[in-house]
Amino acid sequence: MHPYLTFEKEGVARLEVKKSEFIGYAAHVTTEAEARAFVERIRKKHADARHHVYAYTLAENNILRYSDDGEPQGTGGLPVLEVLRKRGLSDGVIVVTRYFGGILLGTGGLTRAYSAAAVAAADDAGIASFVPYDVIRLSLSYPLFQRLPALLKPFRIHRDGEEYDDKVTVTLAVDAEQTAALLEALSELGGGAVTVTSLGKRLDRRL
């Protein structure tokens with residue numbers, strides 16, 4: 001389970017080159033199905049455009065995919081893929097849609113334009129770091145639950161959910177670098193009255 005960089009959010013950018021419009025889209029995805037679905041969403045959004053060049057990288061199985069989508073070989077997909085590679089990004093997809101403006105750009109012009117649109121979309125999406133998180137479940141009394149927000153404030157925590165019964169059950173993920181400190185704080189909070197169950201690990205966005 002290794003940390004990696006990916007897109008912070010969906011990004012979009014528009015670029016005009018000799019009357020041709022290039023629209024770049026970037027997004028975080030976790031599976032090949034999600035990547036393909038994103039490409040199809042952009043295709044449908046711009047159904048009147050002729051070319052939808054794309055590239056994506058996935059951490060699982062080190063998957064790399066790209067497509068020139070009808071453009072001259074090597075002028076679209078590879079330049080877009082290089083944007084992902086040079087930034088060290090994984091679990092990310094970029095699609096660049098082109099509306100032809102009537103002026104031929106040549107292979108060099110196409111390569112530069114697709115690359116520039118991909119870079120601009122990546123810039124707009126921003127970068128996030130995904131790191132190991134420990135997933136734990138807490139079981140505690142209602143009085144202790146009222147004190148929990150203040151205790152959790154210094155930690156990088158993703159709150160996954162809560163259940164209310166005779167006690168409160170809280171499921172959360174804590175940055176693995178902070179797990180030991182959080183467990184110590186929880187022990188001090190209830191003097192052993194907080195039950196902690198480990199649910200494993202996952203990679204998640206570092207807060």
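Nothing in this text is a laboratory measurement; each read-out follows from the coordinates by a stated rule. Computed from a prediction, not measured in an experiment: that's the story for all the values here. All Cβ positions, glycine included, derive from the backbone under ideal geometry; neighbour counts span all protein chains shown.
Below are the figures for this structure:
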read-out: Linear extension gain, THR107 paired with VAL196, 0.36 nm per residue minus alpha-carbon span; value: 26.1 nm
read-out: Dipole axis of the chain (+1 Lys, Arg; -1 Asp, Glu on Cβ), positive-most option in LEU64, VAL95, LEU144; value: VAL95
read-out: Euclidean distance of C-alpha centroids, the stretch 181-207 and the stretch 17-62, integer Å; value: 39 Å
read-out: Built amide H within the under 5 Å cut-off of GLU8, gap 5+; value: GLY126, ILE127, ALA128
read-out: Rounded, prolate or oblate (a/c below 1.5 giving rounded, otherwise prolate when a/b exceeds b/c) for the stretch 130-205 by Cα gyration tensor; value: prolate
read-out: Candidates per GluC sites (Glu not before Pro) in the stretch 35-135, loop by DSSP, up to 12 other Cβ within 10 Å; value: none
read-out: Gyration tensor verdict on the stretch 23-99 (Cα atoms; rounded if a/c is under 1.5, prolate if a/b is larger than b/c, oblate otherwise); value: oblate
read-out: Relative contact order of the stretch 1-120, defined on C-alpha pairs under 8 angstrom at six or more residues apart (%); value: 35 percent
read-out: Pairwise label distance in nanometres, ALA33 with ARG87, each label 7 Å out on the Cα-Cβ vector; value: 2.6 nm
read-out: Cα-centre dipole for the chain with unit charges at Cβ (Lys and Arg positive, Asp and Glu negative), debye to 20; value: 660 debye
read-out: Residues LYS44 and LEU183, FRET efficiency given R0 of 35 Å [Cβ-Cβ distance, rounded to 0.05]; value: 0.15
read-out: Helical contribution to [θ] at 222 nm, DSSP H n ≥ 4, -39,500 (n - 2.57), averaged over the chain, rounded to 500; value: -10500 deg cm²/dmol
read-out: Long-range HN-HN contacts of LYS167 with modeled amide H, under 5 Å; value: none
